[in-house]
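To start, the structure itself, in structure tokens.
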Amino acid sequence: MNEMFTSWLKPNKQNSNTQQSSNIQHAVLGTILNEALKPDEDQILFGCGCFWGAEKCFWKLPGVVTTAVGFAGGKTNSPSYNQVCSGRTGHTEVVRVVWNKKCIDLSDLLKMFWECHDPTQGNRQGNDRGTQYRSAIFTYSSKQLDVVLSSRNNYQESLSANGFGAITTEIKKDQTFYFAENYHQQYLAKPGSRPYCSAMPTKVLLGEFSGANYKLNKNIWSHFDWNISHCVLRSDNKPITVTSL
């Protein structure tokens, strides 16, 4: 099993272990997974069930600089995938998303987050059951946290109007992020991968909410049809570009 790498949910604060992953290149975007943030970039962690399919959702969006999968929200330092799957570490599978703030807004990413899975299922997503599959958002700042909470409140109203229960998404600030083993990174884009995604979209869309500043062209979302089972798995791995609209 490959060595784990660690970083912290505070901008530009990394422990020495993260330096060992500095040359790991994103299999689709070509960027370095733990490269230091540039002034026009920001980052956040999303837990949407199995991180294989969730990561692909985000790397396809224009303006996303890099993505990586890992673990957060638990109590064990540098856990392995097997330890997390045991349910004893308290971590959930997450996707670290880094984006260019000039091209895409946090609200665009939140639209993807809320719509790509069912945030009302508690400690499971579809057929995947356990605390490691719980829905979660871990933010870097209080400003991010305010926007996230506003989007949650808005989405809860829409879910309730469509017969869904309460959102169970765990929302916290400043949680430690641990990179998963290398073979999990961009798993669905690698030769020999097993196409898999247990996400269960509600088909309820996120609308306008206080703090929203959508930047993506609305046609971007035509590339995602949540009425199609495992829509993301059926799409190619290429990021969506303006020319593909």
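Quick note: the coordinates plus some simple rules give every number you see, no bench work behind them. Bear in mind that the values here come from a model prediction, so they are computed numbers and not experimental data.
Summary table
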item: Overall form of the chain per C-alpha gyration tensor (a/c, 1.5; a/b vs b/c); result: rounded
item: Rounded to whole Hz, the Karplus (6.51, -1.76, 1.60) HN-Hα couplings of segment 41-49, x for glycine and proline; result: 10, 8, 8, 7, 10, 10, x, 10, x
item: Amide H partners (placed H, <5 Å) of Thr120, local residues excluded; result: Thr168
item: Using alpha carbons only: equivalent-ellipsoid semi-axes of segment 142-200, gyration tensor based, whole Å; result: 30, 20, 9
item: Value of relative contact order over the chain, rounded to a whole percent, pairs C-alpha under 8 Å and six or more apart; result: 28 percent
item: Calculated from backbone phi, Karplus (6.51, -1.76, 1.60) coupling profile of segment 200-208 in Hz, x at Gly/Pro; result: 10, x, 7, 6, 9, 9, 7, x, 6
item: Candidate lysines for bridging to Lys101, where Cα separation is under 23 Å - those fewer than 8 sequence places away on the same chain excluded; result: Lys10, Lys13, Lys38, Lys56, Lys60, Lys111, Lys143, Lys172, Lys173, Lys215, Lys218, Lys238
item: Long-range amide H partners of Ile137 with built H, under 5 Å; result: Gly47, Glu170, Ile171, Lys172
item: Thr66 long-range amide H proximity, modeled H, under 5 Å; result: Val98
item: HN-Hα J in Hz across segment 181-193 - Karplus 6.51, -1.76, 1.60, θ = phi - 60°, x for Gly and Pro; result: 3, 4, 5, 7, 5, 6, 3, 5, 9, 9, x, x, 5
item: Share of Cα-Cα pairs in segment 21-166 lying beyond 27 Å, as whole percent; result: 21 percent
